[in-house]
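The values are calculated or read from the model by the stated rules, or taken from the named source; none is laboratory data. Because the structure is predicted, anything quoted here is derived from the model rather than measured. Here the Cβ positions follow ideal geometry from the backbone for every residue, glycine too, while neighbour counts run over all protein chains shown.
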Amino acid sequence: MPPKFGTSGLRGLVTELTDELVHAHIRAFLAACPHGGTVHVGRDLRDSSPRIAATVIEAIRGAGLGAVDCGAVPTPALAMAAMARGHAAVMVTGSHIPADRNGLKFYIPSGEIAKPDETAILEALKTGGAPDAPQGPLEQDPDCAARYVARYVDGFGAQALSGLRIGVYEHSSVARDSLGDVIAGLGGTVVRIARSETFIPVDTEAVDPDTRAALAGWAAEHELDAIVSTDGDADRPMVTDAKGAMIPGDVLGPITARLLGARIVVTPVSSNTLVDAMEGFEVRRTKIGSPFVIAGMEAALAEDASAAVVGYEANGGFLLGFAANGPEGVIAPLMTRDAVLPIVAPLAAARDDGRGLAEMAAGLPPRFTAADRLQEVPSERSMALIERLRAEPAARAEFFDTGSAEEAIDETDGLRVTFANGDIVHLRPSGNAPECRLYAEADSPERAQALLSGHLDRLGARLRDAA
């Protein structure tokens, strides 16, 4: 499919992200959105990213604006650097999707662009975008990642992870060096694992069985208290307990929100409902995607500028909307999806509490999720099936197999069905790739996994039949 905007930026096949297309989108962005006169540019570690980043910088400078080359840095580090100076930013990344794809994430001086900004960019594409001008200046920012590391060391303190052995699954994450630096700066012992010079598309929301087995093996081999990692551009965390078992992102989110003293939690409809059962939170649900979470957070801040509001997604990406008091210092707001905060906060909380991550998670309300996706399925085919299930109760009764009556339907994003026994099954076409996402929730991890496996098989059969 041609490059298009999804839940987080522009995505497409590398072969279709030509210099001409990238140049046109950058010029459209500069014409349609505020930029502060300068644009910071970062990239992930895909083979295609340096070429695309060079085109981005060329397009910015050719419009007469300043460009700041931050090199290979985590997306939230880039956003933090640009926002601190009142500038825009562009991150070249395909996030967690395969290496044959890539993309652009756009930031205005106040943070990540919203859906109306995407519409404005697409309209500007029709008129040619920002015109040529005398070439703008080029600046390097070699300290971008170091300032990002300091954010967490200053907020949590040099002893926050003292005594813990933390494995860093490095793979091809652009944060593989800075994540280890954060852990070491907080007093933890860093064990670096499985660095790869070939890009590996790690989806923290749907970790494959081989990777799960490897995580368990590394945890035992190195006698670790946890293993941490991120997706390709480091805006989604991966965290395991001492046995290498995954701690889902929508469990890390509530733990982090609680430690930071949040009162309003904004999260997509796909996130675990355990947060609704926790005391002290007002929970607001949105469509899936950080732009929708940001819009929900901004609405809360419009109601009360001092609101202690945070956001997170089921993939674990965490957004901080207020100046939070960390154990050792203030952690400034960062209204973009971040992977490091929901890694550090749960580890620090578990250490202070004298329990491991598994015990801390077990103390939360007993709701469990499982997620996966059916790959290489055109979005149109997924949407056609979901529309039929929405419209026809008999089709839903035939498709969903929970042994319980349908209790409620939520069409906020895709089709999310709740059953009388508490089971939840949610179908949704991906906004970034030709995939159909499937989420399941139940009162036990075994039940959630069974729901996921059974319905994923059924989904595959239905979509193959539709081919």
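In region 290-302, the residues that are within 16 Å of residue 106 (Cβ to Cβ) form no Cβ pair under 8 Å with any partner that is assigned to a helix (DSSP H, G or I) and hydrophobic (A, V, I, L, M, F, W, C), whether six or more places apart or across chains.
In summary, residue 433 fulfils each of the numbered conditions (1) in contact with a Phe, Trp or Tyr (Cβ under 7 Å, 6 or more places away or on another chain); (2) under 26 Å from residue 100 (Cα atoms) with the single exception of condition (1).
Looking only at residues in region 365-379 that are in contact with a Pro (Cβ under 7 Å, 6 or more places away or on another chain) and in a loop (DSSP other than H, G, I, E, B), which one is surrounded by the most Cβ atoms within 10 Å (Cβ to Cβ)? So that I can check it myself, show each step before the final result.
Just the residues of region 365-379 that are in contact with a Pro (Cβ under 7 Å, 6 or more places away or on another chain), to begin with: 368-369, 376-379.
This time we only want the ones that are in a loop (DSSP other than H, G, I, E, B), so: 376-378.
Values: 376: 8, 377: 22, 378: 16.
Among those that are in contact with a Pro (Cβ under 7 Å, 6 or more places away or on another chain) and in a loop (DSSP other than H, G, I, E, B), it is 377.
When 335, 360, 383 are screened for being surrounded by fewer than 21 Cβ atoms within 10 Å (Cβ to Cβ) and closer than 21 Å to residue 312 by Cβ, only 360 passes. Looking only at residues in region 158-193 that are in a loop (DSSP other than H, G, I, E, B) and on the phi > 0 side of the Ramachandran plot, the one that is surrounded by the most Cβ atoms within 10 Å (Cβ to Cβ) is 187. Could you please find all residues in region 335-388 being without any contact (Cβ under 8 Å) to a residue 60 or more places away in the chain and either touching a Ser or Thr at 6+ places or on another chain (Cβ under 9 Å) or more than 30 Å from residue 168 (Cβ to Cβ) (or both)? If the condition is that a residue be without any contact (Cβ under 8 Å) to a residue 60 or more places away in the chain and either touching a Ser or Thr at 6+ places or on another chain (Cβ under 9 Å) or more than 30 Å from residue 168 (Cβ to Cβ) (or both), then 376, 380, 383, 386, 387, 388 are the ones that fit.
Please determine whether any residue of region 148-165 is touching a helix residue (DSSP H, G or I) at 6+ places or on another chain (Cβ under 9 Å) and of a type in the set (Lys, Arg). There is at least one residue in region 148-165 that is touching a helix residue (DSSP H, G or I) at 6+ places or on another chain (Cβ under 9 Å) and of a type in the set (Lys, Arg).
Pairs linking a residue in region 133-155 that is under 23 Å from residue 234 (Cα atoms) to a residue that is among the β-branched types (Val, Ile, Thr), with Cβ atoms under 6 Å and 6 or more positions apart or on different chains, are 141/68; 144/73; 145/73; 149/182; 152/182; 152/340; 152/344; 155/331. Residue by residue through region 234-254, note down the ones that are within 14 Å of the chain's Cα centre (by Cα), assigned to a strand (DSSP E or B) and either aromatic (Phe, Trp, Tyr) or farther than 12 Å from residue 205 by Cβ (or both). Matches in region 234-254: 239 only.
Against the conditions (1) more than 18 Å from residue 440 (Cα to Cα); (2) assigned to a loop (DSSP other than H, G, I, E, B); (3) among the small types (Gly, Ala, Ser), residue 257 satisfies every one except (2).
Let's see how each residue does on (1) within 25 Å of residue 413 (Cα to Cα); (2) of a type outside the set (A, V, I, L, M, F, W, C); (3) at pLDDT below 95:
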residue	(1), (2), (3)
287	yes, yes, yes
290	yes, yes, yes
297	yes, no, no
302	yes, no, no
308	no, no, no
316	yes, yes, yes
321	yes, yes, no
324	no, no, no
330	no, no, no
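For residue 35, indicate whether it is assigned to a loop (DSSP other than H, G, I, E, B) and more than 25 Å from residue 176 (Cα to Cα). In short, yes.
Region 272-332 holds strands (runs of 3 or more DSSP E) entirely within its bounds, and those carrying 3 or more residues that are of a type in the set (A, V, I, L, M, F, W, C) and crowded, with 23+ Cβ neighbours inside 10 Å map to 318-320.
In the set 198, 204, 267, 256, which member is over 24 Å from residue 363 (Cβ atoms) and among the β-branched types (Val, Ile, Thr)? Outline the logic, then answer.
Values: 204 fails: over 24 Å from residue 363 (Cβ atoms); 267 fails: over 24 Å from residue 363 (Cβ atoms); 256 fails: over 24 Å from residue 363 (Cβ atoms).
Checking each option against the conditions leaves just 198.
Quick one: in region 141-157, of everything that is among the charged types (D, E, K, R) and farther than 18 Å from residue 328 by Cα, which residue is surrounded by the fewest Cβ atoms within 10 Å (Cβ to Cβ)?
Of the residues in region 141-157, the ones among the charged types (D, E, K, R) are 141, 143, 147, 151, 154.
Subset that is farther than 18 Å from residue 328 by Cα: 141, 143.
Numbers: 141: 20, 143: 12.
Top of the filtered list is 143.
Taking region 164-194 as the range and being of a type in the set (Asp, Glu) and in contact (Cβ under 8 Å) with a residue 40 or more places away in the chain as the test, only 170 passes.
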